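Student: Sending over a structure as structure tokens; questions will come in a sec.
The values are calculated or read from the model by the stated rules, or taken from the named source; none is laboratory data. The model shown is predicted, which means the values in this text are computed figures rather than measured ones. Counting neighbours? That spans all protein chains shown, and the Cβs are built from the backbone with ideal geometry, glycine included.
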């Protein structure tokens, strides 16, 4: 498995505060995810993401992480939506087309400074966490929904316990002082009143819990 790395120049920009955070399309990451994780022939295939194989998703590098609610955000999945009209909407759509050639349904953004230095396992844990945010909708009976074109109907979701089970099974609990490890230890004890977040580095999770 040879994972994609962010461009060196972009990662270096994170050290130059005068530039602010810079963004760049990462088509190589999406191609790698499709080949290695989504496709059933992939070296690290995960069938939990099978509904995303032909999904309208794009990936971006951000030159650095950012802080939100006192946490450092390393990755974020979002459903593309323009809450504006007129020239504002036109400007946003033009930026999408300049980056990707069209306006995608979903974007996953990854912190280049982190991804340039983290281990393979930590990189996989991050990207799979973001993939789990994009789920296939179901009807009232739990059956999967599809679009008129026959593709899975997708939406942006929070997480249930199945996501964390899958991540732990594939990559372990991570750092012994991390939130996943703490969750496993907490599960062995009597429950307490407080609730601990186990997605502290995901901007999507922080946004949905705000």
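Student: What's the number of the only condition in (1) within 23 Å of residue 144 (Cα to Cα); (2) out of contact with any helix residue (DSSP H, G or I) (no Cβ under 9 Å at 6 or more places or on another chain); (3) buried (at least 17 other Cβ atoms within 10 Å of the Cβ) that residue 30 fails to meet?
Tutor: (1)
Student: Filter the strands (runs of 3 or more DSSP E) completely within the range 1-98 down to those with at least 2 residues that are in contact with a strand residue (DSSP E or B) (Cβ under 6 Å, 6 or more places away or on another chain) and free of Cβ contacts under 8 Å to residues at least 60 places away in the same chain. Outline the logic, then answer.
Tutor: Details: elements: 23-25, 57-62, 66-68, 71-73, 75-79.
The qualifying strands (runs of 3 or more DSSP E) are 57-62.
Student: Within the range 166-174, identify whether any single residue is in a helix (DSSP H, G or I) and either farther than 22 Å from residue 35 by Cβ or modelled with pLDDT of 95 or more (or both), and answer yes or no.
Tutor: Yes: one or more hits.
Student: In the set 69, 136, 148, which member is modelled with pLDDT under 95 and surrounded by 14 or more Cβ atoms within 10 Å (Cβ to Cβ)? Talk me through it step by step, then tell me what you get.
Tutor: Details: 69 fails: surrounded by 14 or more Cβ atoms within 10 Å (Cβ to Cβ); 148 fails: surrounded by 14 or more Cβ atoms within 10 Å (Cβ to Cβ).
Result: 136 is the single residue among 69, 136, 148 that is modelled with pLDDT under 95 and surrounded by 14 or more Cβ atoms within 10 Å (Cβ to Cβ).
Student: Would you say residue 101 is closer than 30 Å to residue 2 by Cβ, loosely packed, with under 14 Cβ neighbours inside 10 Å, free of Cβ contacts under 8 Å to residues at least 24 places away in the same chain and out of contact with any strand residue (DSSP E or B) (no Cβ under 6 Å at 6 or more places or on another chain)?
Tutor: Values: closer than 30 Å to residue 2 by Cβ: yes; loosely packed, with under 14 Cβ neighbours inside 10 Å: yes; free of Cβ contacts under 8 Å to residues at least 24 places away in the same chain: yes; out of contact with any strand residue (DSSP E or B) (no Cβ under 6 Å at 6 or more places or on another chain): yes.
Taking the combined requirement at face value, the residue satisfies it.
Student: Checking the condition over 21 Å from residue 155 (Cα atoms) and modelled with pLDDT of 95 or more, which residue from 36, 28 passes?
Tutor: Checking each option against the conditions leaves just 28.
Student: Tell me which residues, restricted to the range 99-133, are closer than 20 Å to residue 10 by Cα and not in a helix (DSSP H, G or I).
Tutor: Within the range 99-133, 107, 108, 109, 110, 111, 116, 117, 118, 119 meet the criteria.
Student: Let me ask you something else. For residue 120, all conditions in the list (1) crowded, with 16+ Cβ neighbours inside 10 Å; (2) closer than 23 Å to residue 26 by Cβ hold save one; what is the number of the exception?
Tutor: Against the list (1) crowded, with 16+ Cβ neighbours inside 10 Å; (2) closer than 23 Å to residue 26 by Cβ, residue 120 comes up short only on (1).
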